[in-house]
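Colleague: Before anything else, here's the structure in question.
The values are calculated or read from the model by the stated rules, or taken from the named source; none is laboratory data. Because the structure is a prediction, the values reported are computed rather than measured. Ideal geometry is used to build each Cβ from the backbone, glycine not excepted, and the neighbour counts take in all protein chains shown.
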Amino acid sequence: MLDLRPGRRRDAGLDLTPFMDVIFILLLFFIIASAFAVRGLDIDLPPAQSSRALAGRVVEIRLNEDGSFLCDGIPVEKNFLRYKLQDIVRGFRQEPGQLVLKAAPKAPVDALVFVVDEVRMLGGEKLMVATSRPDGKQE
């Protein structure tokens with residue numbers, strides 16, 4: 001005789017659906033969380049124990065107390081600083097070097113942020129902030 005009753009089958013594997021749901025939720029969480037990551041500037045303000053001399057080609061941007069700029073000792077207006085920095089960053093692609101920002105202690109912070117922002121927008125990879133040692137000797 002033929003048995004037509006539904007047979008009981010043994011479940012040979014695990015159900016991975018809940019596991020995949022958890023993995024998907026974690027993936028979404030990390031993707032969304034990375035979009036809100038805080039980006040900041042790593043700036044060592046004077047004085048610093050870790051100051052050291054720089055070697056190689058160094059281009060100096062000096063920020064004065066009145067908010068004016070000097071690029072390698074030559075005065076540059078704020079409106080033309082972007083073009084000067086653009087030339088410097090392009091030059092670093094052919095001959096690598098370091099861009100150093102030396103700010104006066106009482107220089108306006110908005111001018112400092114302006115320089116850092118301009119360098120980053122132009123593709124400058126590194127902007128060194130000059131520090132002085134506690135004994136007053138500048139590096």
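Colleague: Asp87 - would you say it is within 14 Å of Leu122 (Cβ to Cβ) and of a type in the set (Asp, Glu)?
Modeller: yes
Residue-wise test of (1) among the hydrophobic types (A, V, I, L, M, F, W, C); (2) within 30 Å of Leu127 (Cα to Cα); (3) modelled with pLDDT of 85 or more; (4) in contact with a strand residue (DSSP E or B) (Cβ under 8 Å, 6 or more places away or on another chain).
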| site | (1), (2), (3), (4) |
| --- | --- |
| Leu2 | yes, no, no, no |
| Pro6 | no, no, no, no |
| Asp11 | no, no, no, no |
| Met20 | yes, no, yes, no |
| Phe24 | yes, no, yes, no |
| Leu27 | yes, no, yes, no |
| Ala35 | yes, yes, no, no |
| Leu41 | yes, yes, no, no |
| Asp44 | no, yes, no, yes |
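Colleague: Next question, about the same structure. Give me the residue from region 73-121 that is touching a Lys or Arg at 6+ places or on another chain (Cβ under 9 Å) and of a type in the set (Phe, Trp, Tyr) and, out of that set, nearest to Glu60 (Cα to Cα).
Modeller: Phe92
Colleague: Give region 70-86 a look and list any residue that's loosely packed, with under 13 Cβ neighbours inside 10 Å and over 15 Å from Lys102 (Cβ atoms), or say none.
Modeller: Result: Glu77, Asn79, Phe80, Tyr83.
Let's see how each residue does on (1) in contact with an Asp or Glu (Cβ under 6 Å, 6 or more places away or on another chain); (2) among the basic types (Lys, Arg); (3) free of Cβ contacts under 8 Å to residues at least 24 places away in the same chain; (4) on the phi > 0 side of the Ramachandran plot:
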site	(1), (2), (3), (4)
Gly67	no, no, no, yes
Phe80	no, no, yes, no
Val89	no, no, no, no
Gln98	no, no, no, no
Ala103	no, no, no, no
Pro108	no, no, no, no
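Colleague: Restricting to strands (runs of 3 or more DSSP E) lying wholly in region 59-139: which have 2 or more residues that are at pLDDT below 85 and within 19 Å of the chain's Cα centre (by Cα)?
Modeller: Per the criteria, 98-103, 127-129.
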